[in-house]
Amino acid sequence: MGLSQSFLASKFNISGRDLERYLGEALSRGGDYADLYFEHLSTSVISLDDSIVKSASQGVALGVGVRVIAGERTGYAYSDDLAPEAILKAARVAACIAAGPAQIVKTPLEDGPRRDLYPAPVAPTERAFTERVELVRRADLAARRYDPRVYQVQATYADSLRHVLVATSEGSVTADRQPMTRLSVSALARGADGTLQRGYSGGGGRVGLEFFIAKPPEYFAGEAARQAVVQLDAVEAPAGETTVVLGPGWPGILLHEAVGHGLEADFNRKGTSAFSGRIGDRVASPVCTVVDDGTIPNRRGSLNVDDEGAPTARNVLIEGGVLRGYLQDRLSSRIMKAAQTGNGRRESYQHFPMPRMTNTFLLAGESDPEEIVRSVPRGLYCVNFAGGQVDITSGNFVFSASESYLIEDGRLTRPVRNATLIGNGPEALRYVSMVGNDLKLDEGIGICGKEGQSVPVGVGIPTIRIDRMTVGGTS
Amino acid sequence: MSQDSLLELACDMVKQAMAAGATAAEATLTEGDEFSATVRMREIESLKEAGSRGAGLRVLAGKRAGSAFTSDLSPEGIRQLVASALQLAAITMEDPHAGLPEPEELGALAGDLGLYCEDVAELEAARKIEMARETEAAALDFDPRITNSEGASFDSHAGRHIFANSLGFAGAYRTSYCSLHTIPLARDGDSMERDYWFSMARGLGGLEPPAEIGRTAARRALRRLGAVKVETQRVPVVFEPRTARSLLDNIFEAVHGEAIYRQASFLAGKLGEKVASEALTVIDDGTLPGLFGTTPFDDEGVPSRRTVIIENGVLKSYLLNTYTARKLGMRTTGNASRGLAGNPGIGHGNLYIQKGDRPAGSIIASIRNGFYVTELLGFGVNIVTGDYSRGATGIWIRNGELAFPVSEVTIAGNLIEMLQAIEAIGSDLEFRGATAAPTLLVREMTVGGK
């Protein structure tokens, strides 16, 4: 969308001339590039616990960030006041990074790309609160009905509608409307022997409430309750190296930690990633092709344009086991002389953009998922994870299994207690020997943190077999 | 805005809410200026400077709560805020325990708590950049194997926090903060490792010298070079202060009032029981001058205080706000914490493990075969069950000495047993943020490796 379709421009009376003036001020002391990121974010959160809807809140965050790039330097300032004098002041502060003659803004500003990957005709934030409250109440009832051992349920519904407007000194102005919805359910179960366990589930995306027709609150509630109840019988997890089978969907967090972060271009242009300078190298087995795709309709990690106004894309990171490319933002792509990939993202107008993932997944292979499990004499089958982390320099990464089962003689036997899996990014995927034909994306709950900024992301994976991985159990 | 006008605005928000039909109201205002300068490979990489403010309002309509927030502090913005919060109080449900603190519980610590230093805001940007440059340079110049860097940053923040409620409480305080940190990379052959070091303080005088921060970071990165994976085995595990702090984070989650009333903690219902080794005493103290966990009052207007959580291994207290205290039939411990939206949560003040009498070196010297953990990765701690499994990096201990670096391993156990198995506590307690722990020795854990 362009300026004329922009909610922000019409609500706050921002004209093309205004944008040109602010950008001109940002480049008044030189610099190669400047941009403005206007953001209007309305959010609401409803939470239930003890079967009581205890809290509901809503609010609006509004502001503009001004960025100036001079060589490899970035100057940044923001304002939560959209009055012209406040924006001009922020532009002058950001301009301090440069020292030279004023640069010219390309005018007139032209509209950026137009598409709509997430039309959500009625934004979730525009629906009646009573409809949204109903979702957490239904989740509570369903989790408690699932099994009498469930003794405590928490359900949280959150939505937001973000309007952004990005104007650049290279002469483009792009607007976007970004809805987001998310329901999460946590259930606690108590076994006959007093053992306690927790289960967690949730889902959503860049969708309206219609999402919960196909995926009702009962589905997520049942899933949270099921996990808690299953874990009541869990035995100790094995410790040390073993064969690991990952189930489809959310276990794709493996790719996010093992390779995704290490392929973000800022680390690679600085040479601080274990993947630096390794384009063209074999970093995974030939059955592995990893893609980051910001263009999948309605997904949590998708964007029409990234937070620098560049269109998102489907980017192949690893193809047949060979490293093909990095995730770029504007600054890194310019320094590395590579094309932008639409991965410049930021948490809000208070933050500057950096290369981030969107939806990251492994393409489907040819193996039958059941055959993959049957092929393992002894190992671990992991289907749910609680999160992960990576040290991009050494390449070491972890992800914590919250639901997994022992594989004995090709059959799933007992559930095991929570255990962390650890590996090394450029090494781990070399041990992937089978890839299933059942690619699945996660339900839409992922949050990725980097240098203090959180952004929504998606992951996905088919069932895969990893011949060797270290499991952090106790037995 | 001046502190007086912010206080007036907060009181006015409460008044408007009451006039519009609320039976109780709480208003929070925050205002702050941030500055950040990053230097990388001796050149300025980024500069950021900005100010922002926000208002949050929580109302009760009888036993129903609603809340709203905004960055628009104009009269129209505030009117909308009040309407939004009341609109939401109509859709939540009656909660018998909802409410403000008892009037006699409200108050603020008197005197100067040393939370604000003028020098942070006064120092010119050029000098801040220079300090970041000196910090990184000290790391880069320390050893030829320090070949790269993720840079060094000087960050600072100065702000005000204002809180008022319909019981007549109104309070404000000012805080400042500055920090220096750097992340050098060490390289030797194929081995590439990074580590970091930092210093943070309320004022510039509290910061460690930049050169010292840089050299410490460099030493930490260098000692990781050539790390290997060890065999899977059960051994004593020593947590250095930086990783011992993470155990304190786990204890905090386990004594958190919400986890207690939901029975979602392995410490729920254990008051008065011996839950840890006799060597362990854990204290939360929100009154220590100048520290990061100190405030004159909590986010419900209750004075901060000192609470002994675990004393010689016995669980003495949970950390509570008004709501969780009512649920449990107890009194608030002055640990309410909140953002601008939602019901009050729980935070800690200065949370620390009381120091022991053993120098860290003597603890290491006492171990024949064990693991000294310098970094933990991931989120593999389950507070409901106490199950503990995290990625770890560190140094292997052989015959009482730090022998060789280790990485890509896990350490696993269960917090219920780990707390009982704390055999030694170091004398090296220092505050670097709002939590602090000395070196800790846990008798035995499973190290998962080859």
Practice prompt. Enter the angle in degrees (range 0 to 90, nearest 10) between the Cα long axis of helix A:129-146 and the first principal axis of the Cα atoms of chain A, meaning the one along which they spread out most.
Written response: 20
Fill in: Helix-only [θ]222 nm of chain A, DSSP H runs n ≥ 4, -39500 (n - 2.57) each, per residue, nearest 500
-5000 deg cm²/dmol
Practice prompt. Sketch the reach of a paramagnetic label on A:Glu366 as a point 7 Å from Cα along Cα-to-Cβ, and name the residues of the range A:425-447 whose backbone nitrogen lies under 19 Å away.
Written response: A:432-439
Item to complete: Provide a whole-number value for the mean count of partner chain Cβ atoms within 10 Å of the Cβ atoms in peptide A:409-421.
Response: 3
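Could you calculate the contour length gain from B:Gln263 to B:Ser427, that is, 0.36 nm times the residue separation minus the distance between their Cα atoms, to one decimal place in nm?
Details: separation 164, 0.36 × 164 = 59.04 nm, distance 3.43 nm.
Fully extending the segment from B:Gln263 to B:Ser427 adds 55.6 nm.
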Response to the item:
The answer for the longest stretch of chain B without any exposed GluC sites (Glu not before Pro) (DSSP loop, at most 16 further Cβ atoms within 10 Å) is B:279-429
Worksheet entry | Pairwise label distance in nanometres, B:Ala121 with B:Asp12, each label 7 Å out on the Cα-Cβ vector | 2.1
Discussion item. About the Cα centre, and with charges only on the beta carbon of Lys, Arg (+1) and Asp, Glu (-1), how big is the dipole of the range B:227-450? Nearest 20 debye, please.
Written reply: 200
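Just how large is the dipole of chain B about the Cα centre, in debye to the nearest 20, putting +1 at every Lys and Arg Cβ and -1 at every Asp and Glu Cβ? Display every interim value, and only then the final one.
Details: 45 positive and 58 negative charges, 230 e Å.
Around 1100 debye, computed over chain B.
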Fill in: Full-extension gain in nm, B:Arg368 to B:Asp249, via 0.36 nm per residue minus C-alpha separation
39.9 nm
Item to complete: Could you let me know the centre-to-centre spacing of the range B:125-185 and the range B:41-112, using Cα atoms, in angstrom?
Response: 26
Worksheet item: Using Cα pairs under 8 angstrom and six or more residues apart, how large is the relative contact order of the range B:227-450, in percent?
Response: 30
Practice prompt. May I ask for the angle, rounded to the nearest 10°, between helix B:241-255 and the longest principal axis of chain B, with both axes built from Cα atoms and the value confined to 0 to 90°?
Written response: 40
Fill in: Cα centroid of the range A:210-231 to Cα centroid of the range A:434-462, whole Å
18
Worksheet item: What is the magnitude of the charge dipole of the range B:3-222 about its Cα centre, with +1 placed on the Cβ of each Lys and Arg, -1 on the Cβ of each Asp and Glu, and no other charges, expressed in debye to the nearest 20?
Response: 400
Worksheet item: Using 1/(1 + (r/R0)^6) with R0 = 25 angstrom and r between the beta carbons of B:Asp357 and B:His157, what's the FRET efficiency to the nearest 0.05?
Response: 0.10
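Identify the trypsin sites (Lys or Arg not before Pro) of the range A:291-397 meeting these criteria: DSSP loop state and at most 11 other C-beta atoms within 10 Å of the C-beta. Each step should come with its number before you reach the end.
Numbers: sites: A:Arg299, A:Arg300, A:Arg314, A:Arg324, A:Arg330, A:Arg334, A:Lys337, A:Arg345, A:Arg346, A:Arg356, A:Arg374, A:Arg378; in loops: A:Arg299, A:Arg300, A:Arg324, A:Lys337, A:Arg346, A:Arg356.
Counting only loop positions with at most 11 other Cβ atoms within 10 Å, the trypsin sites (Lys or Arg not before Pro) in the range A:291-397 are A:Lys337.
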Worksheet item: trypsin sites (Lys or Arg not before Pro), restricted to the range B:4-59: which are DSSP loop and have at most 13 other Cβ atoms within 10 Å?
Response: B:Arg42
Worksheet entry | chain B - mean residue ellipticity at 222 nm from DSSP helices (-39,500 (n - 2.57) per run, n ≥ 4, rounded to 500) | -7000 deg cm²/dmol
Item to complete: Between A:Glu85 and A:Val122, take the C-beta separation as r, use R0 = 35 Å, and let me know the FRET efficiency to the nearest 0.05.
Response: 0.40
Worksheet item: Which angle from 0 to 90°, rounded to the nearest 10, does the C-alpha axis of helix B:3-19 make with the longest principal axis of chain B?
Response: 60
Worksheet, complete the sentence: When the charge dipole of chain A is computed with +1 at the Cβ of Lys and Arg and -1 at the Cβ of Asp and Glu, the Cα pointing farthest to the positive end, of A:Ser79, A:Ile213, A:Ala310, is that of A:Ser79
Practice prompt. Report the label-to-label distance for A:Glu319 and A:Arg468 in nanometres (one decimal), using points 7 Å from each Cα along the Cα→Cβ vector.
Written response: 2.9
Practice prompt. May I ask you to list the residues of the range A:44-70 whose amide nitrogen lies under 19 Å from a point 7 Å from Cα along the Cα→beta-carbon direction of B:His97?
Written response: A:47-56
Worksheet entry | Anisotropy class of chain B from Cα gyration tensor, a/c 1.5 cut | oblate
Worksheet item: Between rounded, prolate and oblate, where does chain A land on the alpha carbon gyration tensor, with a ≥ b ≥ c its root eigenvalues, rounded for a/c under 1.5, else prolate if a/b exceeds b/c?
Response: oblate
Worksheet entry | Coarse-grained scattering of the range A:48-126 at q = 0.12, 0.24 Å⁻¹, given as base-10 log I(q)/I(0) from a Debye sum over alpha-carbon atoms | -0.66, -1.16
Worksheet item: Once label points are set 7 Å from the Cα along Cα→Cβ at both A:Arg378 and B:Arg305, what is their separation, rounded to one decimal in nm?
Response: 5.6
Practice prompt. Give a quick list of GluC sites (Glu not before Pro) in the range A:184-233 that DSSP marks as loop, anything other than H, G, I, E or B, with at most 15 other Cβ atoms within 10 Å.
Written response: A:Glu210
Discussion item. Tell me whether the protein assembly as shown comes out rounded, prolate or oblate; compute the Cα gyration tensor, take square roots of the eigenvalues as a ≥ b ≥ c, and use a/c under 1.5 as the rounded threshold.
Written reply: rounded
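Sequence gap at least 6, Cα distance under 8 Å: using those rules, report the relative contact order of chain A to the nearest whole percent. Write out the running numbers ahead of the final one.
Values: 1383 pairs, mean separation 76.2, N = 475.
Once divided by the residue count of chain A, the mean separation gives 16 percent.
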Worksheet entry | the range B:311-325 residues near the modelled B:Lys63 label - backbone nitrogen below 19 Å, point 7 Å along Cα→Cβ | B:322-325
Practice prompt. Take every Cα pair under 8 Å in the range A:3-231 that's 6+ residues apart, average their separations, divide by the length, and report that relative contact order as a whole percent.
Written response: 23
Worksheet, complete the sentence: Per the charge dipole of the range B:299-450 (beta-carbon charges, Lys/Arg positive, Asp/Glu negative, Cα centre), the residue among B:Thr374, B:Asn414, B:Ala325 reaching farthest to the positive end is B:Ala325
Practice prompt. Just report the Cα centroid separation between the range A:273-336 and the range A:144-206, whole Å.
Written response: 26
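Applying 1/(1 + (r/R0)^6) with R0 = 25 Å to the Cβ-Cβ distance of B:Glu444 and A:Arg411, what FRET efficiency is obtained, to the nearest 0.05? Could you put the intermediate results ahead of the total?
Numbers: r = 33 Å, r/R0 = 1.32.
Here the calculated transfer efficiency is 0.15.
Given A:Lys270/B:Lys450; B:Lys48/B:Lys128; A:Lys54/B:Lys270; A:Lys270/A:Lys450; A:Lys270/A:Lys337, which pairs have Cα atoms separated by over 22 Å?
On the way: A:Lys270/B:Lys450 32 Å; B:Lys48/B:Lys128 12 Å; A:Lys54/B:Lys270 27 Å; A:Lys270/A:Lys450 16 Å; A:Lys270/A:Lys337 14 Å.
From A:Lys270/B:Lys450; B:Lys48/B:Lys128; A:Lys54/B:Lys270; A:Lys270/A:Lys450; A:Lys270/A:Lys337, over 22 Å: A:Lys270/B:Lys450; A:Lys54/B:Lys270.
Here, each number is a calculation from the coordinates, and none is a lab measurement. Nothing here was measured: the structure is a model prediction, and the numbers come from that model. Don't worry about glycine lacking a Cβ; one is built from the backbone with ideal geometry, like all the others, and counts go over all protein chains shown.
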